[in-house]
Amino acid sequence: MSLIKSISKMKYTYLILSILILATSCSSDKSSKRIEGFDPMVYRASARVETLLSSMTLEEKIGEMTQITLEFMCQNNNEGERIEPHTLDSSKVSKVINEFKVGSILNCAGHSYSPEHWQELVTYIQEESIKSKGIPVLYGVDAIHGATYTKGAPLGPQQIALAATWDTSIVRNLSTETAKEVWGCGIPWNFSPVLDMGRDPRWPRFWETFGEDVKLVSDMGQSMVKGYQEGPMPFAATLKHFLGYSTPWSGKDRTPAYIPERQLREIFLPPFQKSVDAGALSVMINSGEINGIPSHINKFILTDLLRGEMGFEGVAVTDWEDIKYLFTRHKVAENYKDAIKLAIDAGIDMSMVPLDLTFPKLLKELVDEGMISEERINLSVRRILTMKEKLGLLEIDVDVTPPFIEETERNNAEELTLLAAKECITLLKNVNDVLPISDDKILVTGPTANSQNVLNGGWSGTWQGVNPAYNNPGRLTPLVALRQSISQVDFFDLKSMSFSSSDINNLISKIEKTKPSTVILFLGEMPYTEVVGNIDDLTLPENQLDLVKAVKSTGVNTVGVFIEGRPRTFDEIEPLLDGIVMAYLPGEFGGIAISEVLTGAFNPCGRLPFTWPKYPSSHVTYDRKYTENVHSDFSMNAFDPQYEFGFGLNYSPVITNSIKLNGGNQFYLGDDVSIEVELENIGERTSTEVIMLFSQDLVASITPSVDKLKAYQRVSLEPGEVKNVTLSFSSNDLGFINQNLKYVVEPGLFNLRVKDKYASISIIN
């Protein structure tokens, strides 16, 4: 029986955890234990899992807790380099599978493969595993914006770009398409989504987040989980990176964070909770540390919070080599063995080892010496086997060949990917309607104008996404796409991000000679991820600032298109740009999407999912405290970003005429609050507007935020159309974590805001 046939026969039931029912009083304890009588050593598995577990040796159990990278099992040449095309070394596979009984494999060993090659690799590994112990391996991969390591699969917008669509339905649909592609390679486990909060743009993984707002991140994350796990085949999502990974004090990857528990619960926890409630099957742990405690040994976070309070029952996997780093980097263990004990005691289920087999040896020693009980090992193995059971892996036999993606289905995925790329693009400035550009003489230049890799970003074909050899063929860069849409497009190639002043001088000479009507400058960053993207200054690189100054000095219309995964500051040149477009990392169809926006074939509708700072040392989020508004003269006007959270323009403006409360202005806890918004399209094009409803707690026992997003909706309006839209939320959502670390909704007055229109409500006992 094939993998597709056996899995299709399963009745896969998703775990939907119960939601804590709030009391009817104005005090609600969202931080209390969700499971009455929680015992961290108790996990109820199916009879099949228990029977399987009872028959396993200790070595087999420990093997299930071990994850090895594919690279470890590949053939190398005499210089130690992998042989291309990738070829598995049968002796290495035998050692991993037969001798050490390893239960999980990850990664791609360097770069993307064809679906056929994936099938060959995975099938061989699964056949060996089934013959050895009767249990298939659990294979996982980082398919974070499409099937990133499958040749031919469309690469969509990165998460920060998806957040700019404010369209949860397209996120869910794209995730389902990704699951189909990855599962078609024989891989049922994806290390996605990232639910870290994008609140510090210095952090090099900022572009992997859904932005800075708790509600938007929560909604987008849940949609992605459902897209992965509620599609036509069993598939597992992974929530990354639990918890507080994204706001290190230094802004640099894998460096310490200092987050008070109150803030941890109010800002960083809710996105994970919402996806846990949606049935996410696994979490990956934060590689860094919070308040001096590495996450991989933090029992409060991994057991008390994740299991006891949040109700998570899935698999907790480490990130890359993070148990070993406990003694090599964090210095909280004397050696690897001690580090393993600390991590297992804290609540780790599976170690992403991933490059040696020391972990299972040392873990067995710890059990043999009585330092870790076999009961504790059984706890993690039950979770891992249960996950395999939910994915249908306990159903299969040696014939594990998965199906290929059909051409029509991939075509549909490509259309969806292109739509997402268009929806995310955000128009930030448009002086004298310089955009859309007409069919005049256009000159295109800038370091990101003619690169497919820049559009895709990291985790695209390769880890850093910089090798063009692994791009899908036939995809258009912005330059090529514009040339297909406009008859007169000239190009000046700056060749690299490190272009010089002489390159700029040559460009200016060209502009003065050819006299284009508009110069389009493509700015931003080359691909990067993790520590490779660490920076010391958030300012746009100096040569790009000089480029804008020089071009504008010629008097020509100047448009800046930013292709980047984080907002680089550019205050000194912002006044010089007549048009500004943020394209984020829109994926491989981003060239077409950018071209359609610039030429007016598509009316831009993206909205910023973050606050764009004006200054490199002043990156304050929109949900700031009132005291963060205080200026040096003590006036309340200090909040001065380049662009505010949620900002974005259309070619055809939509205005908010009025807002009106439905059902009065007094509400009890648990009541739904609804507000009617009248919109009007005053332009000549069909426009899509994103209506955002913010709340303001006027007085609270803890300094309230100036604004908090409570509801939003995408709305399409025809030219001249007036439309009424209703936005709703529960009064339960007007709360915060108080000094006692309890979630409370305090009675009192609140303002509701849609753009510059306000309404007031009161919450009463």
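None of the figures in this text is laboratory data; all of them are computed from the coordinates on show. Owing to the predicted nature of the structure, the values given are computational and were not obtained by experimental measurement. A quick note on method: Cβ atoms are made from the backbone with ideal geometry, for glycine too, and the neighbour counts reach across all protein chains shown.
Numbers for the structure displayed
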{"read-out": "Whole-Å distance, taken between Cα centres, linking the stretch 266-326 and the stretch 53-131", "value": "27"}
{"read-out": "Alpha carbon centroid spacing (whole Å) that separates the stretch 360-380 from the stretch 425-460", "value": "56"}
{"read-out": "0 to 90° range, to nearest 10: angle between helix 407-424 axis and the chain longest Cα axis", "value": "50"}
{"read-out": "C-alpha long axis of helix 374-390 to longest principal axis of the chain, angle in °", "value": "60"}
{"read-out": "Among beta bridges that DSSP assigns inside the stretch 652-764, antiparallel share in %, nearest 5", "value": "95"}
{"read-out": "Difference of contour (0.36 nm per residue) and Cα-Cα distance, I764 to S730", "value": "10.8 nm"}
{"read-out": "Sum of side-chain charges, C185 neighbourhood, beta-carbon under 15 Å (Lys, Arg +1; Asp, Glu -1)", "value": "-4"}
{"read-out": "Net lengthening on full extension, Y626/K92 (0.36 nm per residue, minus Cα-Cα)", "value": "186.2 nm"}
{"read-out": "Mean-position separation - Cα centroids, the stretch 713-730 and the stretch 650-677, in angstrom", "value": "11"}
{"read-out": "Degrees, to the nearest 10: 590-599 long Cα axis against longest axis of the chain", "value": "20"}
{"read-out": "Summed side-chain charge close to I425 - residues other than I425 whose Cβ falls under 11 Å, Lys, Arg +1, Asp, Glu -1", "value": "0"}
{"read-out": "Computed lengthening from D633 to K755, 0.36 nm per intervening residue step minus Cα-Cα distance", "value": "41.2 nm"}
{"read-out": "Low-density loop cleavage sites - trypsin sites (Lys or Arg not before Pro) in the stretch 289-343, where at most 10 other Cβ are within 10 Å (DSSP)", "value": "K331"}
{"read-out": "Pairwise label distance in nanometres, T686 with S496, each label 7 Å out on the Cα-Cβ vector", "value": "4.6"}
{"read-out": "Mean Cβ count within 10 Å, highest first, over the residues of peptides 422-434, 536-548, 281-293, 178-190", "value": "178-190, 281-293, 422-434, 536-548"}
{"read-out": "Shape category assigned to the stretch 425-627 from the gyration tensor of Cα positions, a/c cut at 1.5", "value": "rounded"}
{"read-out": "Order of S500, S55 - criterion: other Cβ atoms within 10 Å of each residue's Cβ, fewest first", "value": "S55, S500"}
{"read-out": "Greater than 20 Å apart at Cα, pairs in K660/K755; K92/K341; K180/K226; K180/K388; K337/K361", "value": "K92/K341"}
{"read-out": "Neighbourhood charge, 9 Å Cβ-Cβ cut-off, centred on E525 and excluding it, Lys, Arg +1 and Asp, Glu -1", "value": "+1"}
{"read-out": "The chain, helix-only ellipticity at 222 nm - DSSP H runs n ≥ 4, -39,500 (n - 2.57), divided by all residues, nearest 500", "value": "-8000 deg cm²/dmol"}
{"read-out": "Residue order, fewest to most beta carbons within 10 Å, for C74, C605, C108", "value": "C74, C108, C605"}
{"read-out": "Considering only the chain, percent of DSSP beta bridges that pair antiparallel, nearest 5", "value": "55"}
{"read-out": "Neighbour-count ranking [beta-carbon atoms within 10 angstrom, fewest first] of S705, S716", "value": "S716, S705"}
